[in-house]
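Below is one structure; the comments refer to it alone.
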Amino acid sequence: MKHLIASLFFVSSAALMAQPKKAPVMAPTTSPGYYVTAKGDTVKGEVRNNPDDPTEFYSVFSFKPAKGGKLMPVSIKKAKAYGFDNKHFVQVLDNGVEIYVEVLARGRLNFYEYLYNGKIDGLPAIEAAYFVQDNMAEGEDVGLRELKKINNKFYKKELKPYMKDQPVIWADLDKFTFNKETVTNAVKEFNKFYEISSSK
């Protein structure tokens, strides 16, 4: 009997040691935030700011209403926009698929970022895509009102039609290297000209 108990103990110990270790999961933390329902109502509460996969922000987010309750996932079908910690996400269509994009700049030109799981140099990595849109385009440029994904390698050439009214700002962009902060600041600077003119 003692041998049987010892054997069972040994087998169960070996089985426990053989189990693969699970990756550590961070405890959820939240920040004050909001979301806008499909009907346009704003709901205030808390948004989880540390999902296990940061690309989740672009398809779903976890929300706890101000009136109380548990942290629950909110799908892209239920919310057309949300935000927290000075980050704002809006829903757009990319090739017929609804996604959230982070607002980097908003005004005459909207400039957005989208993060997704992809590969860099053959290895799994988070990649970024960027979108631009001209809210004031008219005449032969009216097509610039449509949201366009820009190619990071040829971004300066692709931004030229959007920034041609302020050629000096466009000319200052580096031809070869895309830098998110630099481009965001250039778009914000471009937009300032139209904030002034629209307020007159």
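The values are calculated or read from the model by the stated rules, or taken from the named source; none is laboratory data. Everything quoted here is computed from the prediction, not taken from an experiment. We place every Cβ from the backbone using ideal geometry, glycine too, and count neighbours over all the protein chains shown.
The table below gives the values:
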| quantity | calculated |
| --- | --- |
| Single unsatisfied condition, Y162 versus (1) more than 30 Å from V36 (Cβ to Cβ); (2) buried (at least 17 other Cβ atoms within 10 Å of the Cβ) | (1) |
| The range 84-106, residues that are over 18 Å from S31 (Cα atoms) and basic (K, R) | R106 |
| Residue in the range 114-123 that is within 25 Å of A38 (Cβ to Cβ), among the small types (G, A, S) and loosely packed, with under 11 Cβ neighbours inside 10 Å present | no |
| In the range 138-161, the residues that are closer than 24 Å to I99 by Cα, of a type outside the set (S, T, N, Q) and either touching a helix residue (DSSP H, G or I) at 6+ places or on another chain (Cβ under 8 Å) or assigned to a strand (DSSP E or B) (or both) | L144, K148, K149, I150, Y155, L159 |
| Per-region count, the range 134-150, residues of a type outside the set (K, R) and surrounded by 13 or more Cβ atoms within 10 Å (Cβ to Cβ) | 8 |
| Every residue from the range 46-98 that is closer than 19 Å to Y130 by Cβ, hydrophobic (A, V, I, L, M, F, W, C) and surrounded by 14 or more Cβ atoms within 10 Å (Cβ to Cβ) | F57, A81, F89, V90, V92 |
| Cβ-Cβ under 6 Å pairs, at least 6 apart or on other chains, the range 35-51 side in a loop (DSSP other than H, G, I, E, B), far side small (G, A, S) | N49/S31 |
| Failed criterion for Y58 (all others in (1) without any contact (Cβ under 8 Å) to a residue 60 or more places away in the chain; (2) assigned by TED's automatic domain parsing to the domain that holds Q166; (3) among the aromatic types (F, W, Y) hold) | (2) |
| Breaking point among (1) touching a helix residue (DSSP H, G or I) at 6+ places or on another chain (Cβ under 9 Å); (2) outside any loop (DSSP other than H, G, I, E, B); (3) crowded, with 17+ Cβ neighbours inside 10 Å, for F131 | (1) |
